[in-house]
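Rule-based calculations on the coordinates, nothing more; no lab input. Every value quoted in this text rests on a predicted model; they were computed, and no experiment measured them. We place every Cβ from the backbone using ideal geometry, glycine too, and count neighbours over all the protein chains shown.
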Amino acid sequence: MAAMIISSSSCIHPIFGLIVLMILPLLFTSADPDALQDFCVADLKASISVNGFPCKPASEVISDDFFFDGLSKEGNTTNIFGVNVTVGNVRTFPGLNTLGISMNRVDLAPGGENPPHSHPRSTESGVVIEGRVLVGFVTTGNVFYSKILTAGQMFVIPQGLVHFQFNVGEGKALIFTAFNSQLPGSVIVPLTLFASKPSIPDEVLSKAFQVEEDVISGIKSKFGS
Ligand SMILES: *[C@@H]1O[C@H](CO)[C@@H](O)[C@H](O)[C@H]1NC(C)=O
Ligand SMILES: *[C@@H]1O[C@H](CO)[C@@H](O)[C@H](O)[C@H]1NC(C)=O
């Protein structure tokens, strides 16, 4: 890839090639920082707090630290959204610590939705395993991109952008998603705005959504706040 860029830019000004070379490392920076050792199985109970988790002593690391069967089971989708996201991140699979990746399993009931949300620390890619799913995201310029996907088809959500998955098929749907972060974080828009603790004042949301305050308190009550 680097060679390609150099040869295509060599017919332009050499300075241009130099600038491209200087920018390349920035383009390849991943969401999580690079590891400084082979592995660092997280000690989730450690009392010290660092950017990530401290490592469990290498002498205590076993094969099972690098395997996780948590995504093998279907999640229970009997809830208001009709979705269950089973996470395979550093908190559930400590072997991921410092390795900069994680995966989720998303089960969707018929008509179920993984509501608009964003991952502040990660880009997301995903593949539909079963069903028909409308996947969409909105850019910072408010452009909406979406497509209906079926089994075997893949999607990507750029880091931090608000997106959703909606089951538009007759039966249930299953998606596996992958992240370039051990802990992508999820800002679930309806819950962030209407179910935070403490609650965002109704007048703030009333102004933001241009509706009366009773509409806001009505929405909040749906989420038990
Ligand atoms: C997701 O599924 C698991 C396993 O069935 C269940 O324990 C959990 O409560 C479900 N979560 C939600 C939000 O429904
Ligand atoms: C799924 O969750 C619902 C609501 O919590 C519960 O009533 C139901 O028994 C659960 N189903 C299974 C198979 O665990």
Query raised in the report: Going 7 Å from the Cα of Leu191 toward and past its Cβ, which residues in the range 93-136 have a backbone nitrogen under 13 Å from where you end up?
Result: 114-119
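Okay, helix-only estimate at 222 nm for the chain: each DSSP H run of n ≥ 4 adds -39500 (n - 2.57), divide by all residues, round to 500 deg cm²/dmol; what do you get?
Details: 5 runs with 46 residues, N = 225.
Helices in the chain give a 222 nm mean residue ellipticity of -6000 deg cm²/dmol.
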Report summary line: Descending packing, highest mean Cβ count within 10 Å first, for 103-109, 42-48 is 103-109, 42-48
Report task. Could you tell me the convex hull volume per residue, in Å³, taken over the Cα atoms of the chain? Result -> 201
Query raised in the report: Hey, how many Å between the Cα centroid of the range 61-92 and the Cα centroid of the range 115-153?
Result: 20
Query raised in the report: Roughly how many nanometres apart are two label points built 7 Å out from the Cα toward the Cβ at Ala46 and Val204?
Result: 3.4
Query - Eligible aspartates and glutamates near Lys45 by straight Cα distance, threshold 17 Å, same-chain separation 8 or greater - result: Glu60, Asp65
Query - Set of lysines near Lys222 by C-alpha distance (under 21 Å), chain-local residues within fewer than 8 positions excluded - result: Lys197, Lys207
Report summary line: Once normalised by the length of the range 70-192, the mean sequence separation of its alpha carbon contacts under 8 Å that are 6 or more apart gives a contact order in percent of 34
Query raised in the report: In nm, to one decimal, how far is the Asp69 label point from the Ser146 one, both placed 7 Å along Cα→Cβ?
Result: 3.9
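Please state, as a whole number in µm²/s, the translational diffusion coefficient that the Stokes-Einstein equation yields for the range 89-184 at 10 °C and 1.306 mPa s, with Rh defined as the Kirkwood radius across alpha carbon pairs. Numbers along the way, then the final one.
Details: Rh = 13.6 Å.
The calculation lands on 117 µm²/s.
Can you pull out the GluC sites (Glu not before Pro) in the range 150-222 that DSSP calls coil and that have at most 13 other Cβ atoms within 10 Å? Show your work: numbers first, answer last.
Values: sites: Glu170, Glu203, Glu212, Glu213; in loops: Glu170, Glu212.
The qualifying sites are Glu170, Glu212.
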Report task. Could you work out how far apart the two model spin labels at Arg91 and Asp34 are, taking each label as a point 7 Å from the Cα in the direction of the beta carbon, and quote it in nm? Result -> 3.0
Query raised in the report: What FRET efficiency, computed as 1/(1 + (r/R0)^6) with R0 = 35 Å and r the Cβ-Cβ distance, is obtained for Glu212 and Asn76, rounded to the nearest 0.05?
Result: 0.45
Report summary line: Taking a straight Cα-to-Cα line shorter than 15 Å from Lys172, and setting aside same-chain aspartates and glutamates fewer than 8 residues away, one finds Glu74, Asp107, Glu113, Glu130
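For the chain, what does the relative contact order come out to in percent, with C-alpha contacts under 8 Å and a separation of six or more? Can you show the working numbers first?
On the way: 439 pairs, mean separation 41.4, N = 225.
Contact order relative to length: 18 percent.
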